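One structure below.
Read the figures in this text as sums done on the coordinates, not as results from a lab. What you see is a predicted model; the values in this text were computed from it and never measured. So basically every Cβ, Gly included, is an ideal-geometry build from the backbone, and we count neighbours across all protein chains shown.
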Amino acid sequence: MEEIAVRFDHVSMEFPGVLANDDISLSIRKGEVFALVGENGAGKSTLMHLLYGMHTPTNGEIWVKGERLTEYSPKAAIQRGIGMVHQHFMLVPSFSVAQNVVMSKEPRKFKLFYDWKAAEEKTRALSQEYGLSVDPSAIVGELSVGLQQRVEILKALYRGAELLILDEPTAVLTPQETTELFSVIRRVVREKGMTVILITHKLYEVKAISDRVGIMRKGRLIAVKDTASVTERELASLMVGRPVLYEELERSGQPGEIRLAAKDLTVYDNRGLTAVKKLSLSLRAGEILGIAAIEGNGQSELLEALTGLRSCASGSIGICGQQAANCTPGEIRAMGLAHIPEDRLATGVSKDASVAENLLVGRHKAPEFRGALGYQKQSSIARYAEGLFEKFDIRGAGIAVSAGSLSGGNLQKVVVARECSFDTPVLIISQPTRGVDVGAIEFIHKQIMDKRNEGTAILLCSADLDEVFRLSDRIITLYEGEITGEFTPNTIEKEELGYYMTGNRRKEAGAHEAITH
């Protein structure tokens, strides 16, 4: 008889105005990889937060290893052998890897003094045991996102996790890092007998790694399937309640005049090292230029320089004929540039402000929203925000709640809705569908293509190569801050593009000059 690691028995979770989980009964077996899928706001993360003790169920019971839970807190969950790696990492950037791993359970000398050497030795031994290679002495804030995720997993393992919950673990990973993560998951399940619960929107990952999959919709568990017996398309249809076709996006018109140009641009990173090296590119009206690069190769610094979030060491930037290098974000927005940033929490939204206030950013001084003596017209703001809330299918308790109460995918929809509502000649987009469900991806892609067909010049950066290929008219590859190649999607395969992304191949100097200058 199969051993049950976790059982949810008629579990419901209700927040003010929202029934997040509705009468869910589910058993998860010991030693399996169980995937949990559903649209944004379907209740996946809430259900796992209950298991991890972050909330107490409104109704129902949760059983772990045959024992009914009576105390709900992360501390109690950790003591039961449950670990959770959250979508947004819970690390101290200024601490070392070892300090983060052993935090709250530090090794001591004479039961009194922090044993730094033991902390590093324990972290190193654990990383070697599980194949999670990372330097214990490295400062976490200086690590790539993929390495930071390893630190989070090591934290859970150090605390004795037998059941590991991974919430959107590949949303910020490159394809190579995803492959490495899946190798770790297989190892801990096969060799250590652990149970892994994976929350994801990427259905090909469900097929690649999981044994069974649970599908949630509007707070309810719709079905549980053996992964081998269901297709990606069937999963997508179960998630959204309708067929999801991913039909070819309609393109119209030809590229027009140059709207954005960079010449000999050099940009430094936070450590003062060169991240972008004498890079030149141009972007025309009515086209999408995609950037394909492995994380940490200068793409983030490039976009920050183009949008005024980072200063340029040398070179020039032109937006619609105006010099934009080292201008402020406000000045650059006034030149006609909208921006969907890479990190929605750091630069995309204010979590404490309401959804309506976040949707209004950039328009808050517009006459239609200002009354006598400068007071805001709340009724006009509400109508405008409600329109975007409905059009972009943002799921939540309404426009008056704080943005921080929304799921990650719905926060992304808020940013996309706001920036796509501007009638700007240039739109810079980074990771537009990170953490977004399959139905919303289909919708956001159409919004981007509509903007392109209307004549907007779009610079797109995404870690998802399928997304880059699907949307782009041209693709450039970056390696160590330099352009290594330029292609059209129909002239190169994704696997071959990877060689240019890793610097193993480069087009001859000047190969892209005719297009970019």
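Looking at segment 87-161, how many pairs of lysines come closer than 15 Å at the Cα, when each pair is eight or more places apart or spans two chains? Please report the intermediate quantities before stating the final value.
Values: 105/117; 105/122; 105/155; 109/117; 109/122; 122/155.
Here the count comes out as 6.
Once amide H atoms are built 1.01 Å from N in the peptide plane, which residues 5 or more positions from residue 377, or in another chain, come under 5 Å H to H?
Under 5 Å from the amide H of residue 377: 370, 371.
Please give, to one decimal in nm, the separation of the simple spin-label points placed at residue 274 and residue 139, each 7 Å out from Cα toward the Cβ.
2.3
Which GluC sites (Glu not before Pro) in segment 174-272 pass both tests, a DSSP loop state and at most 12 other beta-carbon atoms within 10 Å?
247, 248, 250, 257
Pairs of alpha-carbon atoms within less than 8 angstrom and 6+ residues apart define the contacts here; what relative contact order does the chain have, in percent?
Relative contact order here is 15 percent.
Between residue 105 and residue 125, take the C-beta separation as r, use R0 = 22 Å, and let me know the FRET efficiency to the nearest 0.05. Present the calculation step by step, with values, prior to reporting the outcome.
Numbers: r = 15 Å, r/R0 = 0.68.
Efficiency at R0 = 22 Å is approximately 0.90.
Could you tell me what percent of the DSSP beta bridges with both partners in the chain are antiparallel, to the nearest 5?
Numbers: 45 of 80 bridges.
If I count the DSSP bridges inside the chain, around 55 percent turn out antiparallel.
Put one equal scatterer on each alpha carbon of segment 87-161, apply the Debye formula with no solvent term, and list log10 I(q)/I(0) at q = 0.28 1/Å to two decimals.
Values, matching the q order: -1.43.
Which residue, 337, 97, 502, has the largest displacement toward the positive end of the dipole of the chain when charges sit on each Cβ (Lys, Arg +1; Asp, Glu -1)?
97
Treat every Asp and Glu Cβ in segment 87-161 as -1 and every Lys and Arg Cβ as +1, leave all other atoms uncharged, and give the resulting dipole magnitude about the Cα centre to the nearest 20 debye.
My answer is approximately 320 debye.
For the chain, with the dipole built from +1 on Lys and Arg beta-carbon atoms and -1 on Asp and Glu ones, taken about the Cα centre, which of 140, 35, 280 lies farthest toward the positive end?
140
Are there GluC sites (Glu not before Pro) in segment 421-496 that DSSP marks as loop and that have at most 11 other Cβ atoms within 10 Å, and which are they?
493
Below 13 Å, Cα to Cα, which aspartates and glutamates can residue 65 reach? Residues fewer than 8 away in the same chain don't count.
2, 3, 162
How large is ³J(HN,Hα) for each residue in segment 85-91, as worked out from phi by the Karplus curve 6.51 cos²θ - 1.76 cosθ + 1.60 (θ = phi - 60°), to whole Hz, x for Gly and Pro?
Rounded to whole hertz, the list is 9, 6, 4, 10, 4, 10, 10.
Enumerate the lysines that residue 377 could reach by cross-link, defined here as Cα to Cα under 25 Å, with residues fewer than 8 away along the same chain left out.
351, 365, 391, 413
Which trypsin sites (Lys or Arg not before Pro) does segment 349-384 hold that lie in a coil by DSSP with at most 10 other beta carbons within 10 Å?
For trypsin sites (Lys or Arg not before Pro) across segment 349-384 that sit outside H, G, I, E and B with at most 10 neighbouring Cβ atoms in 10 Å, the list reads 365.
Which order results if 179, 477 are arranged by neighbouring Cβ count within 10 Å, fewest first?
Ordered by Cβ neighbours within 10 Å, fewest first: 179, 477.
Just want the ordering: 443, 487, from fewest to most Cβ atoms lying within 10 Å of their own Cβ.
Neighbour counts put them in this order, fewest first: 443, 487.
Where a Cα-Cα gap under 21 Å defines reach, which lysines qualify for residue 225, not counting those fewer than 8 residues away within the same chain?
30, 44, 202, 207
I'd like the Karplus ³J(HN,Hα) series for segment 455-471: coefficients 6.51, -1.76, 1.60, θ = phi - 60°, whole numbers in Hz, and an x wherever there's a Gly or Pro.
Along segment 455-471, the couplings run x, 6, 8, 10, 9, 10, 10, 8, 6, 8, 5, 4, 5, 4, 5, 5, 9 Hz.
For residue 5, what residues show an amide H to amide H distance below 5 Å, using hydrogens built from the backbone and excluding near sequence neighbours?
Result for residue 5 returns 28, 29, 30.
Only Lys, Arg, Asp and Glu count, each charged at its Cβ (+1, +1, -1, -1), so figure out the dipole size of the chain about its Cα centre, rounded to 20 debye. Could the numbers behind the result be given before it?
Values: 61 positive and 67 negative charges, 207 e Å.
Using only the charged Cβ atoms, the result is roughly 1000 debye.
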